[in-house]
Every structure is written in C-alpha cells, then in structure tokens.
Amino acid sequence: MYDHLLKAGAWALMVLAVIGAVCSAAQFNGTTYHLGEKYVEVTWPVNASKLNLTLPEKAEDIALLDENGHRVALNSSYLFWQGNHIYSLSFERHVSGDLIYTMPQQGQQFILPLKDSGPVRIILPQGYTTGDRTLGIARPSPDELHADEAGTILIWHNTSGIQYLEVSYYKNNAPQALMMIFGILALAAIALLVEYYISIRRLRSLRKDEEIRG
C-alpha cells in the first residue's frame, strides 16, 4: 500500500512538472530565436500598427501574423546606417500578434546584442546542447535551460543591464567524442614513452657493450 502511494505521488509530481513546463512555454511573451545551421528564425511579439526594427544582420522573409495566425499585409522601408540594418514597418491595421523574420547564422556560436530588456528565448538546433565549459556555455547563464522535442531551450526572463547574450553550443555527442580523442591521445603518449624508454635502454646496452670490448 505504501509503495503504491509513493508511485502515485511520484507520477502526480511528474504530471505537474510537465503541465508547468507546457504552461510556461505557452505563456512566454518575449522574443524567440530559433537557431538553424544557416539561419535563425526570430519571432517577436508585437501590438502595434507600425514599428522600427534595428538589426545587426539583414533580415529576410519578414512576415506578420495576427493572434489567429493569419498573415497581415505590411509595408517596409530599409536603411543601412552605422553597421545596423534598419527597417521601418507599417501594417494595414493595428495588430496583436507575431513578427517573424530570418537572419543568417554561421558556426556554433550565437551572439545577440540587446537593445530592449524583455524576455528572450533561444532554441538551439536539433541535436545540439550547451553547458560544458570546455565545449561551450551561455553567457550570462540563462534563468531556465531545458530540452523538449523542439530542441534545447534557454530562457532569460529579464535582460535589463545585459548588453548582449552569447551562446556557444555543440552536438549532443561531442563530450563523448572529446573523451575518446583524449583517450587516443593518452594511449599515443604512453606508446611514445614506452618507445622512448626502450630506445634509452637499447642505447645504454650498446654503450656498455662498447665499454666492455674497449
């Protein structure tokens, strides 16, 4: 009876944790950066009829979706000024929804300059993670870090006072591969030491034979 109660309690806690995670993801109202191998898809919540967008990289495929997921027409003008890509966007009506666009992304490091202090969520590519100080970490440390079917997710609830976020990430199997490489290097070093020791002994033996003959 006691064992059944323990199992039921553990199951209830697990269900509550899953529900909490789902609710937390559903209630997130900040900017999301979904990283890919060549592009990052940005989802930015908006509640306006027009806005200005200043980005470190040139945006592509800019689209606006309302709260029902319907696409809303928009007009945009573009200006490159002092290293920034500036977009002036105006919508056909006041919209509460999401502005979605993509930016180029290369390598396994994502650096995000911050101009606002709102919540930020970064989703790593499928099969990648972060947190190993040798292979890559996130600076500053996120308030939340968890993984689901979308990938490894990092969340900062308040970015006030933070100038930029930097996330270095790596494949999930990278730590095992690194340990294997270290193991191979260690075996190679041992083999070299053994060969060196054998060579020294051989030279000493040859020298001793020459001294005896002399």
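A short reminder: the numbers here are calculations on the coordinates, not readings from a lab. A quick note: this is a predicted structure, and the numbers were derived from the prediction, not measured. We place every Cβ from the backbone using ideal geometry, glycine too, and count neighbours over all the protein chains shown.
The table for this structure:
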{"read-out": "Some residue of region 78-97 being under 22 Å from residue 39 (Cα atoms) and within 14 Å of the chain's Cα centre (by Cα)", "value": "no"}
{"read-out": "Number of positions in region 98-130 that are more than 20 Å from the chain's Cα centre (by Cα) and under 18 Å from residue 153 (Cα atoms)", "value": "0"}
{"read-out": "Residue in region 52-65 that is more than 22 Å from residue 36 (Cα to Cα), in contact with a strand residue (DSSP E or B) (Cβ under 8 Å, 6 or more places away or on another chain), loosely packed, with under 12 Cβ neighbours inside 10 Å and not aromatic (Phe, Trp, Tyr) present", "value": "yes"}
{"read-out": "Scope region 107-128; condition hydrophobic (A, V, I, L, M, F, W, C) and free of Cβ contacts under 8 Å to residues at least 60 places away in the same chain; matching residues", "value": "111, 114"}
{"read-out": "Region 132-174: number of residues that are under 20 Å from residue 40 (Cα atoms), among the hydrophobic types (A, V, I, L, M, F, W, C) and not in a loop (DSSP other than H, G, I, E, B)", "value": "9"}
{"read-out": "Every pair of residues 6+ apart whose Cβ atoms lie under 9 Å, when the first sits in region 29-49 and is touching a residue at least 12 places away in the same chain (Cβ under 8 Å) and more than 21 Å from residue 68 (Cα to Cα) while the second is part of a loop (DSSP other than H, G, I, E, B) and of a type in the set (Asp, Glu)", "value": "40/57"}
